[in-house]
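Trainee: I have a structure here, written as C-alpha cells, and I will follow up with some questions on it.
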Amino acid sequence: MAELASSAAHVRHGSSIGQPLTRRDGQLKVTGGARYAADNHPPGMLHAALAVSSVARGRVTGLDLEAARAHPGVVAVMTPENRPALAQDPNDKSGPFVFRMELLQDDTVRYVGQPVAVVIAETLEAATEGAALLAPRYAAEPVSTGLEDGEAFVPPAVGVGAPAEVRHGDVEAGLAAAARRVEAVYETPAQYHNAMEPHAVVAAWEGDRLSIDTPSQGLVMAVGRVAGLFGIPPENVEIRSPFLGGGFGSKGAISGPQVLGILAAKLVGRPVKLVLKRDQMYGPVGHRAPTRQTLRLGVDGEGALTALHHHVRTASSRYDDFFEPSGSVSHTLYASPAIATTSDAVRLDSGTPIFMRAPGEASGSIALEGAIDEMAAACGMDPLEFRLRNYAEVEPTSGKPFSSKALRECYAQGAERFGWSGRPLAPRQMRDEDGLLVGWGVGTATFPALMMHGQARAVLRRDGSGLVETGAHDMGQGAWTAFAQIAADSLALPIDQLEFRAGHSGLPDAGIAGGSAHTATAGMAIHGAGADVIARLAELAMTDQRSPLFGAGNAGVVAREGRLVRRDDESRGESYAEILARAGLDEIEGRGTGAMDQAAQEHYAMHAHGAVFAEVKVDPELGQIRATRLVGAFAAGRIINPRLVRSQYYGGMIWGVSFALHEAAVVDRRTGRVMNANLGEYHVPVNADVPSLEAILVDEVDPHVNALGIKGVGEIGITGSAGAVANAVWHATGVRVRRFPIAIEELLGQP
Amino acid sequence: MNRFDYVRPATVAEAVAAAAQPGSAYLAAGTNLLDLMKGGVMRPARLVDLARVPGLDAIEALPDGGVRIGARVRNSDLAYDPGFARRFPAVAEALLSGASAQLRNAATVGGNLLQRTRCAYFYDPASACNKREAGAGCDAREGENRLHAVLGWSEQCIATHPSDFCVPLVALGAVVEIEGQAGRREVPLEEFHRLPGTTPERESVLAPGELIVAVRLPGEAAGFAGHARYVKLRERTSYAFAVVSATAGLRLEDGAIAEARLALGGVAAKPWRVPEAEAVLRGARPGAEAFRRAAEAALAEARPSGDNAFKIELARRILVRALTLAAAGTPERLPALPASPHAPHPGVSLHG
C-alpha cells in the first residue's frame, strides 16, 4: 500500500515497536481515500440485491418472477432453478468450522432473513425493486425462538472444540461444606455484530479465474472455501481485502451472501456487486447466541471459594452447530478447589450463531462477575478484596502456572486511578450533587493468549530498503501500522525505509484475524522472516574476506538501522546495501512462521488479564442509567503500539457498557423476527453514553507466549467491563439485575 | 412497480393542487418518509416536494407575543432561534432532545407533526398492522410491546406518536394552520392527531391533500417561559425515542400555581395533554404532594396494552419530575444534555 502515510512526526528512537504511532491508514480513512470492498466498480459491473425470507421455518412456495424480470433494468433473477452449479453441497459439513450456508440449494427456509433469491440489475435501484417485486409466498411451519423452546441437549463441544463439561474437584461436596452459598441465574440476549461496513462483495469471473473484493478476517480460509464450492484451484481465486469496516467475528468465515454475489457474477457473466442492507445483517452472517447461565458458588468462613459451578444454557440454529462457550471464564479466573462448567443447548429457528467479539468470554464474564459480586456482598466483603482473596496463583482447572499474570498490578493500578478505596461497602450510599444515585463496580477481565498459524515474507533490497508482506487483515484495529512496526524492527530499519503489504490473498497466509491472536501470529511470522533475512545477510558478510564483518564468527553480528555491526565492536560494520552490492545480489529474501509453541503451552496457562472499574449514575425515581466513568487496567504482554492498543481497550470497554446497558436483539417469540434490525432501535452506545474512559497499560513481560511476548488485546476489553458496569448499577441502587441489558423497569421498584 | 410522480410546485396553491391526486404525499426533509418508502411501508403514487415553496420557512413574531412557525422550518433552526428559545424554552429543549444533530438539521416542523409511529410492526411489511393496512390486524397487540401505548389505545392499535416537539406544543395550546383545496383552516394541535379507535390508519384530521403551512403558539404560551421544562426518559443518553416524556409549564402567582400546562409523550397515539392534572394544580402550592396528585390524575385512565405496565408509574414519576424542575425555574442556559434526567440541575433538590 504505497499510499499509506508514514508519519514524519514520529522520530524513531532505536525501535519502532512500542512507539505510539498514529495509524498509517488514518489519513486515507478520514479523506475517503481508503478503498473498501463496496467502493470497487469494475467495468460492466451489475448490482445484485437479495430477496430474503420473512418467515423462520418452512418452504418458499412461490416467487413473482415475471414481475421482477419485467422491471426495467433487471438482467436476471437467480433462484434454485437457475443458480449455477456448485462443486460442493452447501449443506455439507467437512469440519466443525465449515458452516452450512444457504446458497439457493433448495426451497427450504431456515430463518428470517435467509436469502431466497438474488436479483441482478443494471442499477442498485432496479435490483432492489426487483427483489421487492418477488413477494415470496411460503408454507410456514411452527418455530422455536426461545431458550425454553424444545428439548435441551448436551452439545458434543462448545466454542472451538472445547469440552461441554469440565470438572475439577467435587463441586457438590464443596457447596455442601460451604459456610455461604449463592445461586443466581443470569440471562444475556442475542446480539448482532453490526460492523459499520456491511458484508459486501464485488466479484468478477474470467473463465475459471475469480477476482473478488470483499472484507475478510481470514483470507486464505476464504480462498479455500470459495475454491472448494466452485471446484476451481485455490490459486485461481484472488481476494483483495485491504480494509474492513469492522468484523467482530462475522467476517471470519466467508458468509452465504458473499458467495451469492460470486454466484450471481457467474450466472450473468459480468462483474457483480452485492452489499447487504443493514437489516439483512440480522440473519445470514451470524450473531452472539442468547444464554441463560446458572451460577452456584460456595465460600468458607474466610470468604475463600469452596466451589464454583457455572452452567450455560445456550442455543444454536436448527441446522448447524455453534455453541457459545460462556463457561470458559470460570476455568481461569478464580481459585477454587472445585470448579465445574456444564453446558446444554436448544435449537432455534435462527441463523447459526457465530464468534462475536470475545465469544463466550463476554457473555460468561458478565454472569460470573455478577455472581462473584453477589458472593462478596453476602460475605460483607469489598468486591475487590473478595477477588484478591480468591486470586488464582495457578490456573485453577488445569493446575498449570501462568506464563505471566500481572492481574494484581491491574487491580492495584486501576483501583488507585479510579479512587476505589473510598467506596462504601453497602449499596445505595452515594449521591452526586444533583441527587443521582452513584455506584462503583469492579470486574475482572480475561482472555486467552492464543496463536493461529501464519507466515510472512521479508526482503531486503539493494537500495537498503525493506519489504515485508503477509496476508494480514486490518479490521480497523491498526494492523497496517502495528505489523509495519514489527516488520521495521525485524529488519532493523527505520519504518520509512520499510514497505509493508497486506490485505491480499496472494500474500503469505497470515492466519485468521480472530481470537485476539493476529498480532502475535502474523507478528511472529514477520519477526521470523526478518530474522531469516538478517541471518542470510550476516552469513554473506561474515564469509566474505572483503567485509569488515569477516570472521565475526562466535562474537556474531547485530543489525542496527540498516547496517550489520559486530556485536563486540559496533564501530565495525557495513550497510545492508554494501553487503548486497558486493555479493552482486538485487535482494535477499527470508521467510517466517508464527505458531503456538506447543511445549510452552503444555507447561503454562496463557491469558491476558485486566481489571475494570466502573462508575454509573442512576436516577432514583426514573431508573435511567448512565455509565459516567470507566477505568480499565490491562496486562497483555508486550504492547506493540500503545496508542492503537488503548483504542482497542476503549472499544472493548464501550462494548462492555453496551452489553450491560443497551444492546439486545428484540426477537418476536411467535415469528423469530428481529424487530429492531436497524441502528436506530438496536441500541449501541452513542458518545453521550460514555463520558470518561481511561485505559492503563500495565507492564507485563511474558517470556513464554512467544518470542515477542505478545498476548493480544482485541477482545479482553469487553470482559470485565460489562460486569463492572452491572455491579456498579447494583451498588448504586441495591437492585441486582440479572437479565441484560438492564432495563429501566427493573429499577423502578424502590423510588 | 414502485414508480411515483415527483413534482416540485412553486406555490402553496400549486402544492395543494398537485397533492389533490389520490395517493400523493408531501415531501419535506424526508427523514421519515424516505425510510418508509425504502422499506416498502409507504408507496405514495406522487411526491409533492415542498423544497421550492416560498413562505414556509419563517419564524415570525406575532403582535400578541406569540409566534408563527413555518412548516418547513428546520428543527435546529427553531431550537437555536434565540427569541423563540427564550419565550418557549420547553419547546426548544424538546426539539434538541430528539433524534441526532444531523436529523435535526434536516427535519421540519410539519414533518415532525406528521411523523409516523416507531412501532416495529408498522415498519415490518411482513407483520399485520391496521395502521399500514386497514383491517389487517395488529401483531403488536400480542408481540414485543413493552414500549407501546398506555393511554388512548384500542384493540386495533397500540402504537405511540414518537414526537418530542409536539409534547410541549400541545401543552402550550399550539394551533395548526392547514391549507387545502377548500381554503385555509386552523385546528388546535390537541385535536389534530386522532386516537386509533377502529380506524388507526387515520392518524390526523388532515383531509387527503391538505398541507400544514404553519404552527402557531399564542402569546399567552410565553407566560410559562420562566417555569417550563421537558424531560425525556430513554434507553440511551441520546439518539433514542422516548420511553416516556413529559412537559410542565407553570405560571406562579404569589407562590401558588395560577396555571399549569402538562403533557406526556410516548404514551399514546398523540401528544397527550392532561387537563385533569392541570386542574388539580390550579391554585395549589408547588410541591411533591401536589405534583403527585396531578400525576395520579394524569394517568387515571391509563392501562397497559402489553408488557408495559411499568410505563404508567414511570409516566407519573416523569410528570412529577417535569413539574419539580419547572417549579425551580427554567435554567438560564439549556443543559448540554437537553431533557435528560442526567443533565445537571444546579440548585434543584430532586431526590430529597
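The values are calculated or read from the model by the stated rules, or taken from the named source; none is laboratory data. Predicted model, so just to flag it, every value in this text is computed and none were measured. Ideal geometry is used to build each Cβ from the backbone, glycine not excepted, and the neighbour counts take in all protein chains shown.
Trainee: Taking the stated definitions as given, is residue B:152 within 19 Å of residue B:191 (Cβ to Cβ), assigned to a helix (DSSP H, G or I) and either out of contact with any strand residue (DSSP E or B) (no Cβ under 7 Å at 6 or more places or on another chain) or not acidic (Asp, Glu) (or both)? First the steps, then the outcome.
Mentor: On the way: within 19 Å of residue B:191 (Cβ to Cβ): yes; assigned to a helix (DSSP H, G or I): no; either out of contact with any strand residue (DSSP E or B) (no Cβ under 7 Å at 6 or more places or on another chain) or not acidic (Asp, Glu) (or both): yes.
No; evaluated as a whole, the condition is false for this residue.
Trainee: Under the condition of being among the aliphatic types (A, V, I, L, M) and more than 14 Å from chain B (Cβ to nearest Cβ), which residue from the stretch A:682-696 is surrounded by the fewest Cβ atoms within 10 Å (Cβ to Cβ)? Break it down into steps so the answer makes sense when it comes.
Mentor: Step one: filter the stretch A:682-696 for residues among the aliphatic types (A, V, I, L, M), giving A:684, A:686, A:688, A:690, A:693, A:695-696.
From the residues that got through so far, the ones that are more than 14 Å from chain B (Cβ to nearest Cβ) too are A:693, A:695-696.
Numbers: A:693: 18, A:695: 24, A:696: 20.
Here the answer is A:693.
Trainee: What's the total number of residues in the stretch B:225-251 that are more than 14 Å from chain A (Cβ to nearest Cβ) and farther than 17 Å from residue B:321 by Cβ?
Mentor: Residues flagged as more than 14 Å from chain A (Cβ to nearest Cβ) and farther than 17 Å from residue B:321 by Cβ within the stretch B:225-251 amount to 3.
Every residue, every condition in (1) under 25 Å from residue A:469 (Cβ atoms); (2) surrounded by 15 or more Cβ atoms within 10 Å (Cβ to Cβ); (3) aliphatic (A, V, I, L, M); (4) outside the structural domain of residue A:711 (by TED's automatic domain parsing), yes or no:
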{"site": "A:520", "(1), (2), (3), (4)": "yes, yes, yes, yes"}
{"site": "A:523", "(1), (2), (3), (4)": "yes, yes, no, yes"}
{"site": "A:548", "(1), (2), (3), (4)": "no, yes, no, yes"}
{"site": "A:551", "(1), (2), (3), (4)": "no, no, no, yes"}
{"site": "A:563", "(1), (2), (3), (4)": "yes, yes, no, yes"}
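Trainee: Let me ask you something else. Can you pull out the residues in the stretch A:433-449 that are modelled with pLDDT of 95 or more, surrounded by fewer than 23 Cβ atoms within 10 Å (Cβ to Cβ) and within 14 Å of chain B (Cβ to nearest Cβ)?
Mentor: Residue satisfying the conditions is A:438 alone.
Trainee: So, of the residues in the stretch A:541-564 that are in contact with a Leu (Cβ under 8 Å, 6 or more places away or on another chain) and not in a loop (DSSP other than H, G, I, E, B), which turns out to be farthest from residue A:495 (Cα to Cα)?
Mentor: Here the answer is A:542.
Trainee: For residue B:230, work out the one condition from (1) assigned by TED's automatic domain parsing to the domain that holds residue B:318; (2) over 15 Å from residue B:89 (Cα atoms) it doesn't fulfil.
Mentor: Every listed condition holds for residue B:230 apart from (2).
Trainee: Filtering the stretch A:634-681 down to residues that are more than 11 Å from chain B (Cβ to nearest Cβ) and part of a loop (DSSP other than H, G, I, E, B), which residue is nearest to the chain's Cα centre (by Cα)? Steps first, answer last, please.
Mentor: Within the stretch A:634-681, the subset more than 11 Å from chain B (Cβ to nearest Cβ) is A:634-656, A:659-660, A:672.
Then keep just the ones that are part of a loop (DSSP other than H, G, I, E, B); that gives A:636, A:638-641, A:672.
Numbers: A:636: 16, A:638: 19, A:639: 18, A:640: 18, A:641: 18, A:672: 26 Å.
Looking at residues that are more than 11 Å from chain B (Cβ to nearest Cβ) and part of a loop (DSSP other than H, G, I, E, B), I get A:636.
Trainee: Just to check your reading of the model, which residue among A:141, A:81, A:102 is more than 25 Å from residue B:37 (Cβ to Cβ) and out of contact with any strand residue (DSSP E or B) (no Cβ under 8 Å at 6 or more places or on another chain)?
Mentor: Values: A:141 fails: out of contact with any strand residue (DSSP E or B) (no Cβ under 8 Å at 6 or more places or on another chain); A:102 fails: out of contact with any strand residue (DSSP E or B) (no Cβ under 8 Å at 6 or more places or on another chain).
Going through A:141, A:81, A:102 in turn, the sole match is A:81.
Trainee: Separate question: Got at least one residue in the stretch B:193-210 being among the basic types (Lys, Arg), surrounded by 23 or more Cβ atoms within 10 Å (Cβ to Cβ) and in contact with an Asp or Glu (Cβ under 7 Å, 6 or more places away or on another chain)?
Mentor: Here is the first cut: in the stretch B:193-210, the ones among the basic types (Lys, Arg) are B:194, B:202.
Checking the rest, the ones that are also surrounded by 23 or more Cβ atoms within 10 Å (Cβ to Cβ) come to none.
Looking through the stretch B:193-210, none of the residues is among the basic types (Lys, Arg), surrounded by 23 or more Cβ atoms within 10 Å (Cβ to Cβ) and in contact with an Asp or Glu (Cβ under 7 Å, 6 or more places away or on another chain).
Trainee: Tally time: how many residues in the stretch A:498-525 are within 21 Å of the chain's Cα centre (by Cα) and under 16 Å from residue A:456 (Cα atoms)? Show your work before the answer.
Mentor: Residues of the stretch A:498-525 within 21 Å of the chain's Cα centre (by Cα): A:502-505, A:509-525.
In the following step, the residues that additionally are under 16 Å from residue A:456 (Cα atoms) were identified as A:502-505, A:509-513, A:517-525.
Looking only at that region, the number is 18.
Trainee: I've got another one for you. Sort out which residues of the stretch B:152-166 are hydrophobic (A, V, I, L, M, F, W, C) and either out of contact with any helix residue (DSSP H, G or I) (no Cβ under 6 Å at 6 or more places or on another chain) or over 13 Å from residue B:89 (Cα atoms) (or both), and write them in order of number. Lay out the reasoning, then the answer.
Mentor: Initially, the stretch B:152-166 is screened for residues hydrophobic (A, V, I, L, M, F, W, C), giving B:153, B:157-159, B:165-166.
Scanning the stretch B:152-166 gives B:153, B:157, B:158, B:159, B:166.
Trainee: Let me ask you something else. Pull out all pairs, ordered by first then second residue, where Cβ-Cβ is under 8 Å, the residues are six or more apart or on different chains, the first lies in the stretch A:448-474 and is closer than 30 Å to residue A:364 by Cβ, and the second is hydroxyl-bearing (Ser, Thr, Tyr) and assigned to a loop (DSSP other than H, G, I, E, B).
Mentor: Pairs that qualify, where the first residue is closer than 30 Å to residue A:364 by Cβ and the partner is hydroxyl-bearing (Ser, Thr, Tyr) and assigned to a loop (DSSP other than H, G, I, E, B), are A:448/A:516; A:449/A:403; A:449/A:516; A:450/A:516; A:454/A:470; A:473/A:216; A:473/A:241.
Trainee: Farther than 19 Å from residue B:271 by Cβ and either touching a helix residue (DSSP H, G or I) at 6+ places or on another chain (Cβ under 9 Å) or not hydroxyl-bearing (Ser, Thr, Tyr) (or both): is that true of residue B:104 in this structure? Outline the logic, then answer.
Mentor: Numbers: farther than 19 Å from residue B:271 by Cβ: no; either touching a helix residue (DSSP H, G or I) at 6+ places or on another chain (Cβ under 9 Å) or not hydroxyl-bearing (Ser, Thr, Tyr) (or both): yes.
Here the answer is no, as residue B:104 does not meet what is asked.
Trainee: Looking only at residues in the stretch A:185-221 that are in contact with an Asp or Glu (Cβ under 8 Å, 6 or more places away or on another chain) and within 21 Å of residue A:663 (Cα to Cα), which one is surrounded by the most Cβ atoms within 10 Å (Cβ to Cβ)?
Mentor: Of everything passing the filter in the stretch A:185-221, A:191 is surrounded by the most Cβ atoms within 10 Å (Cβ to Cβ).
Trainee: So, one more: Just wondering, is there one or more residues in the stretch A:699-710 that are closer than 26 Å to residue B:147 by Cα and of a type outside the set (Gly, Ala, Ser)? Quick ask: steps written out before the conclusion?
Mentor: Kept after step one, since they are closer than 26 Å to residue B:147 by Cα, are these residues of the stretch A:699-710: none.
Among the residues of the stretch A:699-710, not one is closer than 26 Å to residue B:147 by Cα and of a type outside the set (Gly, Ala, Ser), which makes the answer no.
Trainee: So, one more: Tally the residues that are in a loop (DSSP other than H, G, I, E, B), without any contact (Cβ under 8 Å) to a residue 60 or more places away in the chain and among the polar types (S, T, N, Q), restricting the search to the stretch B:95-129.
Mentor: 1
Trainee: Quick one: how many residues across the stretch A:405-426 are assigned to a loop (DSSP other than H, G, I, E, B) and in contact with a strand residue (DSSP E or B) (Cβ under 7 Å, 6 or more places away or on another chain)?
Mentor: Step one: of the stretch A:405-426, the residues assigned to a loop (DSSP other than H, G, I, E, B) are A:405-406, A:419, A:423-426.
Okay, now just the ones that are also in contact with a strand residue (DSSP E or B) (Cβ under 7 Å, 6 or more places away or on another chain), so A:405-406, A:423-424.
Looking only at that region, the number is 4.
Trainee: Looking at residue B:76, is it part of a loop (DSSP other than H, G, I, E, B) and not assigned by TED's automatic domain parsing to the domain that holds residue B:238? Please lay out each step first, then the result.
Mentor: Working: part of a loop (DSSP other than H, G, I, E, B): no; not assigned by TED's automatic domain parsing to the domain that holds residue B:238: yes.
Judged against the criteria, residue B:76 is not a match.
Trainee: Here are some residues: A:231, A:224, A:246, A:303. Which one is surrounded by fewer than 24 Cβ atoms within 10 Å (Cβ to Cβ), free of Cβ contacts under 8 Å to residues at least 40 places away in the same chain and of a type in the set (Gly, Ala, Ser)?
Mentor: On the way: A:231 fails: free of Cβ contacts under 8 Å to residues at least 40 places away in the same chain; A:246 fails: free of Cβ contacts under 8 Å to residues at least 40 places away in the same chain; A:303 fails: free of Cβ contacts under 8 Å to residues at least 40 places away in the same chain.
None of the other options fit; the residue is A:224.
Trainee: Taking the stated definitions as given, is residue B:351 without any contact (Cβ under 8 Å) to a residue 40 or more places away in the chain, under 24 Å from residue B:239 (Cα atoms) and within 10 Å of chain A (Cβ to nearest Cβ)?
Mentor: Details: without any contact (Cβ under 8 Å) to a residue 40 or more places away in the chain: yes; under 24 Å from residue B:239 (Cα atoms): no; within 10 Å of chain A (Cβ to nearest Cβ): yes.
It is false that residue B:351 is without any contact (Cβ under 8 Å) to a residue 40 or more places away in the chain, under 24 Å from residue B:239 (Cα atoms) and within 10 Å of chain A (Cβ to nearest Cβ).
Trainee: Now for a separate question. If only one of B:268, B:295, B:302, B:322 is in contact (Cβ under 8 Å) with a residue 40 or more places away in the chain and within 14 Å of another protein chain (Cβ to nearest Cβ), which one is it?
Mentor: Sole residue among the options that is in contact (Cβ under 8 Å) with a residue 40 or more places away in the chain and within 14 Å of another protein chain (Cβ to nearest Cβ): B:322.
Trainee: Let me ask something else. Could you tell me which of the residues A:80, A:84, A:96, A:72 is part of a loop (DSSP other than H, G, I, E, B), more than 19 Å from residue A:132 (Cα to Cα) and either at pLDDT 95 or above or within 14 Å of chain B (Cβ to nearest Cβ) (or both)?
Mentor: Numbers: A:80 fails: more than 19 Å from residue A:132 (Cα to Cα); A:96 fails: either at pLDDT 95 or above or within 14 Å of chain B (Cβ to nearest Cβ) (or both); A:72 fails: more than 19 Å from residue A:132 (Cα to Cα).
So the residue among A:80, A:84, A:96, A:72 that is part of a loop (DSSP other than H, G, I, E, B), more than 19 Å from residue A:132 (Cα to Cα) and either at pLDDT 95 or above or within 14 Å of chain B (Cβ to nearest Cβ) (or both) is A:84.
Trainee: Mind listing whichever residues of the stretch B:120-179 are more than 20 Å from residue A:680 (Cβ to Cβ), among the small types (Gly, Ala, Ser) and surrounded by 23 or more Cβ atoms within 10 Å (Cβ to Cβ)?
Mentor: B:171, B:174
Trainee: Moving on. How many of the residues making up the stretch B:12-66 are part of a strand (DSSP E or B) and surrounded by 15 or more Cβ atoms within 10 Å (Cβ to Cβ)? Show your work before the answer.
Mentor: Filtering the stretch B:12-66 for residues part of a strand (DSSP E or B) gives B:24-27, B:46-49, B:59-61.
Adding the requirement that they be surrounded by 15 or more Cβ atoms within 10 Å (Cβ to Cβ) leaves B:24-27, B:46-49, B:59.
Number satisfying all stated conditions: 9.
Trainee: Has the stretch A:304-318 got any residue that is in a loop (DSSP other than H, G, I, E, B) and touching a helix residue (DSSP H, G or I) at 6+ places or on another chain (Cβ under 9 Å)?
Mentor: To start, the set of residues in the stretch A:304-318 that are in a loop (DSSP other than H, G, I, E, B) comprises A:304, A:318.
Those still in the list that are touching a helix residue (DSSP H, G or I) at 6+ places or on another chain (Cβ under 9 Å) too: A:304.
Yes: the stretch A:304-318 contains one or more residues that are in a loop (DSSP other than H, G, I, E, B) and touching a helix residue (DSSP H, G or I) at 6+ places or on another chain (Cβ under 9 Å).
Trainee: Also, quick follow-up: Show the residue pairs meeting these rules: Cβ distance below 8 Å; 6+ apart or different chains; first residue within the stretch A:583-598 and within 25 Å of residue A:709 (Cα to Cα) and at pLDDT below 95; second residue surrounded by 15 or more Cβ atoms within 10 Å (Cβ to Cβ) and aromatic (Phe, Trp, Tyr).
Mentor: Going by the 8 Å Cβ cut-off, there are no qualifying pairs.
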